[in-house]
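Read the structure below first, then the notes.
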Amino acid sequence: MFLRNPFRTIIVTGIPGVGKTTVLGILLQEASKIGLRVEVANFGDYMLREAVRIGLVKDRDQLRKLPHRQQLELQKIAAKAIINDAKTKLSEKDLLIIDTHCVVKTTAGYWPGLPRHVIEELNPDSIVLIEADPELIAQRRARDVTRNRKDLGGKEEIKEMIEMARAAAMAAATITASSVYIVINPEGHPEEAAQSILALVEKL
Ligand code: ATP
Ligand code: AMP
Ligand code: MG
């Protein structure tokens, strides 16, 4: 179980609106400049594709409101599909990055995004936890009209979720002996977070 994937693998997590997808978009551009082949797999995209196919939801922010067992089934399908796809594309020097959550705020309570069945399937070298000041995260969410994160609450809920995310990241990392690497996403400078993640990759 502790043997790694045939390519380097990191999971990028952080609470909703902290900037994971933004940072990874920049990382992809930076990686191509230095000749590093990177695939970014968005876990939510994989869950959404299956959920839309079977007519359960129309958008990604509805996934966390589905019946709990349904989310579990989608979670399992996504983890397997991500690794199967990566195996067809990547080799030893390449990098798989999975954009996901280590804690999901569902209608049934906080739920691990990286429980044993998922973390063993993804088997990452490292789990990156992206963080930012709670007030800034609230502002980023408010500015982002492409998403519906209103059910996630305000500054107090953000603080609580940051704590839950740290605990969840370390718990998941323990199962696969992965490192946990905290990266700040500074306001107006997501490229700095992207560079920090690339610096981690050099250490793997
Ligand atoms: P989710 O988990 O819900 O997918 P996310 O962590 O992927 O969220 P993004 O969608 O990347 O978050 O970013 C949320 C919003 O914050 C976007 O509008 C994005 O432009 C903005 N943003 C991201 N990083 C920064 C930054 N460093 N400074 C200012 N705004 C940022
Ligand atoms: P995102 O765009 O990253 O917010 O992902 C969309 C949605 O996918 C999230 O709000 C969750 O409902 C779901 N999701 C993403 N990753 C996971 C995961 N590891 N486990 C369970 N649900 C997830
Ligand atoms: Mg995102």
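Just a few scattered comments:
- Diffusion constant of the stretch 1-131 at 4 °C, which comes from Stokes-Einstein with the Kirkwood Cα-pair radius and 1.567 mPa s, µm²/s: 85 µm²/s
- Cβ-based net charge around residue 4, under 15 Å, with every Lys or Arg adding one and every Asp or Glu removing one: -1
- Total formal charge among the other residues, if their Cβ is under 14 angstrom from that of residue 178, Lys/Arg +1 and Asp/Glu -1: +1
- Value of relative contact order over the stretch 1-117, rounded to a whole percent, pairs C-alpha under 8 Å and six or more apart: 42 percent
- Computed from the C-alpha gyration tensor, the three semi-axes of the ellipsoid equivalent to the stretch 51-204 are 24, 22, 16 Å, from longest to shortest.
- The convex hull defined by the C-alpha atoms of the stretch 35-80 has an orientation-averaged projected area of 3.8 nm².
- Counting only the Cα atoms, the stretch 79-137 fills a convex hull of 120 Å³ per residue.
- When only Cα pairs below 8 angstrom with a gap of at least 6 residues are kept, the chain shows a relative contact order of 34 percent.
- Cα centre as origin, Lys/Arg/Asp/Glu Cβ charges: the stretch 138-204 dipole, Debye: 200 debye
- The count of lysine pairs in the stretch 100-204 that are at least 8 places apart or cross chains, and whose C-alpha atoms lie under 25 Å apart, stands at 4.
A short reminder: the numbers here are calculations on the coordinates, not readings from a lab. None of these values were measured; they are calculated from a predicted model. Ideal geometry is used to build each Cβ from the backbone, glycine not excepted, and the neighbour counts take in all protein chains shown.
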